[in-house]
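Chemist: Below is a structure I'd like to ask you about.
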Amino acid sequence: MKIVMIGNTGVGKTTYMASLYGALQREIEGFSLKAVRSDDHSRLSQLAKTIQTGEYPSMTDQRSEYDFHLRHKAKDVIEFSWADYRGGAITSSTKDEQTNLLISDLKKADGIMMFCDCDALVRNDHRSNQISRMATLVNQALQNVDHIICLAIIFTKVDMVKEISDKHLGCFQGMISAINASEYVIGSFVPIACGTQFINVPMPLLFTLYGSIIFKMALLEVEVKYHHTVAQEWMAKSKGLNGLWRKVKDTWNGEPTDEEMAVYLYQQAVKKYEEHQTLVESVQALVDCVQKLPLIQKEKKLKDYANECANISYKNPIYGDLKPNVKKWF
Ligand SMILES: Nc1nc2c(ncn2[C@@H]2O[C@H](COP(=O)(O)OP(=O)(O)OP(=O)(O)O)[C@@H](O)[C@H]2O)c(=O)[nH]1
Ligand SMILES: [Mg+2]
C-alpha cells in the first residue's frame, strides 16, 4: 500500500506529514499513526513539536520514504509507505532522477495527495502551485489503472485565506472531469492548516487510505467465503465408502486426509473472519469521516465544492482545534 504526495516547492507537504504525525500520536476518532522505524518516529515527532511553535521545516532536498501503521482503537488497520518529495521534482525534466522516481511512484500509488497552496490559489498565483503540471503527471499515472485510487486535492494554508470561491477552482475543472470519467478514481478536496492553527489535519490521510481499506475488507470477505466453501468440499469428500478409501490411501502415503484438509481450511476461514470483524468498526469510523468531505461527483458544480470546503472548515472544523488556546479560524 503506497501513498504519494505531489506538490510544488513550498506548498506545505513536509509540514503536513510531520504535523499529522504529531497529531495522531493520540487517538482522533479512534485513529492513530505509528512509524515503523524508531528514527522516523523521533524525527517526525520533533518536527511536529517545532511546527506547533510556528517554526517550519526546511526545504526537502530529496525523496524520503516512511513506513507507517494506521491504527484504530489500538488495532492495526493497514500498513503503508508514504513518500515525501522535494517540490522541484514536478517541474524538472524527465532527465532528473527525482522526477523519474516520482513518476514511477505515482504509477504504483494506491493513494495520491495533490498539494496546492490555498493562499497562492486565491491570489491567482498559478506559478506557485503548478497545478497544470501536477494534473499532467497525475493524469499520466491514472491511465490504465486497474485498482481503486483515492486522490485528495489538498488546499494548504487555509489559515491565510478569507474565502475559497468557485472562481478559484476553475483550474481544477480538467482534474474533476478526469476523476469523474474514471471508474477507479475517487477524488475529494480537503482544506487544511498546520502550524499554530490546526484545521482538518487527519482528513487527507484518512481519505487517501479509504479505498485501500475498503478493498482490504472486501478481499477478506471473499477469502472467508472461499476457505469456507473449499473446507466444505473436503468434508464432503471425506464421507462414505469412497471417503474411507481416500483416508486409507492418504494415511498410507503420509499425506493429509480430507478431514484434516477441511479442518485446516475452516481454521483459515475463522482467522480471516476475525481479521474482517476487526476492520468493520474501523471502516465505519472511516466512512463517517469521509462522508463529511467535498467528494468529487458528477452532478456537482464548482460552487458546490467551494460551499462544501467552506462548510467543513469555516463553520464546522473537523478536528479543528487539537490544542488548547488555538484561535478559531474566523
Ligand atoms: N500559514 C501557514 N503556512 C504554512 C502551512 N504549511 C506550510 N506553511 C509554510 O509553507 C512553507 C513550506 O512548507 P514545507 O512543508 O517545507 O513545503 P514543502 O511542500 O515540503 O516544500 P519542498 O520541500 O520544497 O517541496 C513553510 O516554511 C511555512 O512557512 C500552514 O498550514 N499555514
Ligand atoms: Mg518538503
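The values are calculated or read from the model by the stated rules, or taken from the named source; none is laboratory data. These numbers come from a predicted model, not from an experiment. All Cβ positions, even for glycine, are placed from backbone atoms using ideal geometry, and neighbour counts span all protein chains on display.
Chemist: Would you mind telling me which numbered condition in (1) touching a helix residue (DSSP H, G or I) at 6+ places or on another chain (Cβ under 6 Å); (2) under 28 Å from residue 141 (Cα atoms); (3) within 16 Å of ligand 2 (Cβ to nearest atom) residue 35 fails?
Modeler: Exception for residue 35: condition (3).
Chemist: While we're looking at this one, here's another question. Could you please let me know if residue 41 is without any contact (Cβ under 8 Å) to a residue 24 or more places away in the chain, surrounded by 16 or more Cβ atoms within 10 Å (Cβ to Cβ) and away from ligand 2 (no atom under 14 Å from the Cβ)?
Modeler: Answer is yes for this residue.
Chemist: Further question on the same structure: Just a yes or no: is a residue in the range 91-108 over 17 Å from residue 201 (Cα atoms) and within 14 Å of ligand 2 (Cβ to nearest atom)?
Modeler: Checking the range 91-108: at least one residue is over 17 Å from residue 201 (Cα atoms) and within 14 Å of ligand 2 (Cβ to nearest atom).
Chemist: Another question, then. Residues in the range 129-147: is at least one within 16 Å of ligand 1 (Cβ to nearest atom), part of a loop (DSSP other than H, G, I, E, B) and more than 22 Å from the chain's Cα centre (by Cα)?
Modeler: Looking for residues that are within 16 Å of ligand 1 (Cβ to nearest atom), part of a loop (DSSP other than H, G, I, E, B) and more than 22 Å from the chain's Cα centre (by Cα), one finds at least one in the range 129-147, hence yes.
Chemist: How about the range 7-47: which of its residues are within 22 Å of residue 211 (Cα to Cα) and near ligand 1 (Cβ under 10 Å from one of its atoms)?
Modeler: Across the range 7-47, the qualifying residues are 7, 13, 16, 17.
Chemist: If you don't mind, another one. Just one of (1) buried (at least 23 other Cβ atoms within 10 Å of the Cβ); (2) within 16 Å of ligand 1 (Cβ to nearest atom) trips up residue 92, so point out which.
Modeler: (1)
Chemist: In the range 134-185, what residues are touching a Pro at 6+ places or on another chain (Cβ under 9 Å) and of a type in the set (Phe, Trp, Tyr)?
Modeler: 155 - this is the single residue of the range 134-185 that is touching a Pro at 6+ places or on another chain (Cβ under 9 Å) and of a type in the set (Phe, Trp, Tyr).
Chemist: Would you check which residues across the range 95-104 are more than 21 Å from residue 129 (Cβ to Cβ) and surrounded by 14 or more Cβ atoms within 10 Å (Cβ to Cβ) and list them?
Modeler: Within the range 95-104, 100, 101 qualify.
Chemist: Does at least one position in the range 63-84 carry a residue that is surrounded by 15 or more Cβ atoms within 10 Å (Cβ to Cβ), modelled with pLDDT under 90, touching a Ser or Thr at 6+ places or on another chain (Cβ under 8 Å) and in a helix (DSSP H, G or I)?
Modeler: There is no residue in the range 63-84 that is surrounded by 15 or more Cβ atoms within 10 Å (Cβ to Cβ), modelled with pLDDT under 90, touching a Ser or Thr at 6+ places or on another chain (Cβ under 8 Å) and in a helix (DSSP H, G or I).
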